[in-house]
Amino acid sequence: GYDAGVMGSALEPESANTLSCLVTAVSALSTVHAVVVRRPEGSQLPWAFARAVVPLSGSMSSRGAQEISAYLSSNIGTHLHQLHVHTNEHPTLNRVLADHGPTSQPVRNVLHGAAEFATAAGANHTTTSEPAANAAVHIAASVKELGADLVIASGTNRGHHNSLFLGHTIDHLLHEVDTTLVLAIAPADHDENSATDPDETDLSTPTELTRA
């Protein structure tokens, strides 16, 4: 009868796994949403987080990360950097679109929706879309550049045969980000009517919405 399960996981230095074996197995088999908190090896969780990066994809499952981050920020003051990454393999076309083309409406909807939700919850946030050749690499680099002490991401389990796979972006973050990571995981049969795919969306002009 529960709507979600919450688990903690430490990085296991002697293992190739980025989450503990038990957490991976439970998350893969869960029929309800799972929230996993993975802290870096040998570290203690702080009393309060100062800055969190929240990747935005526009999918239904990404709403979980937005809800968790907005609740956290409104209660302890964590600044949220809500980040959408748009990619395009043609930099020349990107420059032309940036000068002459309209901003992609689906992505604008994602940005405005995320900003409005965070503002309504009383969260302190910056919501932005930035261009990059690789979304996962850019998000991981932004975590370090911003000095974020928390990443809150979400995705749907796409694994097969009771395995757990949350997509290439989250997989990259699990391997490359050494700060505390919170994952909101939707079960494998969760309906994902994605409004936009961060690895395929073309956003011609970077857009930023800021709430002080």
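The values are calculated or read from the model by the stated rules, or taken from the named source; none is laboratory data. Because the structure is predicted, anything quoted here is derived from the model rather than measured. Quick reminder, even Gly has a Cβ in these numbers, built from the backbone with ideal geometry, and neighbours come from all protein chains shown. Ligands, DNA and RNA are stripped out before the accessible areas are found, and what is left, the full protein with its side chains, is counted by its heavy atoms. Shrake-Rupley method; radii C 1.70, N 1.55, O 1.52, S 1.80 Å.
May I ask you to derive the FRET efficiency for Gln105 and Asp3 from their Cβ-Cβ distance with R0 = 35 Å, giving the value to the nearest 0.05?
The calculated FRET efficiency here is 0.60.
Beta carbons within 10 angstrom, averaged per residue: use that to sort the peptides 112-118, 57-63, highest first.
The packing order, highest mean first, is 57-63, 112-118.
Rounded to whole Hz and in sequence order, give me ³J(HN,Hα) for segment 59-72 from the Karplus expression 6.51 cos²θ - 1.76 cosθ + 1.60, θ = phi - 60°, writing x for Gly and Pro.
These are the phi-based 3J(HN,Hα) values: 7, 5, 5, 5, 4, x, 5, 5, 5, 5, 5, 5, 5, 4 Hz.
For segment 31-38, what does the Karplus curve 6.51 cos²θ - 1.76 cosθ + 1.60, with θ = phi - 60°, yield as ³J(HN,Hα) per residue in whole Hz, taken in order and with x for Gly and Pro?
9, 10, 5, 10, 10, 10, 10, 10
Protein chains only, probe 1.4 Å: how do Glu145, Glu67 rank by accessible area, largest first?
In descending accessible area the options line up as Glu145, Glu67.
At 7 Å along Cα-to-Cβ for each site, give me the label-to-label distance between Ile76 and Val32 in nm.
The two pseudo-label positions are separated by 2.3 nm.
List the residues, sorted by chain then number, that are 5 or more residues from Ser59 or on another chain and whose placed amide H is less than 5 Å from its amide H.
Residues meeting the criterion, in which the H sits 1.01 Å from N, are Ala195, Thr196.
Taking H placed 1.01 Å from N in the peptide plane, check which residues at least 5 places from Ala121 or on another chain put their amide H under 5 Å from its amide H.
Answer set, sorted by chain and number: none.
Rounded, prolate or oblate, given the Cα gyration tensor of segment 17-76, with a/c below 1.5 counting as rounded?
Since a/c reaches 1.5 but b/c is at least a/b, the shape of segment 17-76 is classed as oblate.
If you plug each phi of segment 117-133 into the Karplus form 6.51 cos²θ - 1.76 cosθ + 1.60 with θ = phi - 60°, what whole-Hz ³J(HN,Hα) values come out, in order, with x for Gly and Pro?
Result, rounded to whole Hz: 5, 5, 5, 4, 7, x, 7, 8, 8, 10, 10, 8, 10, 10, x, 6, 6.
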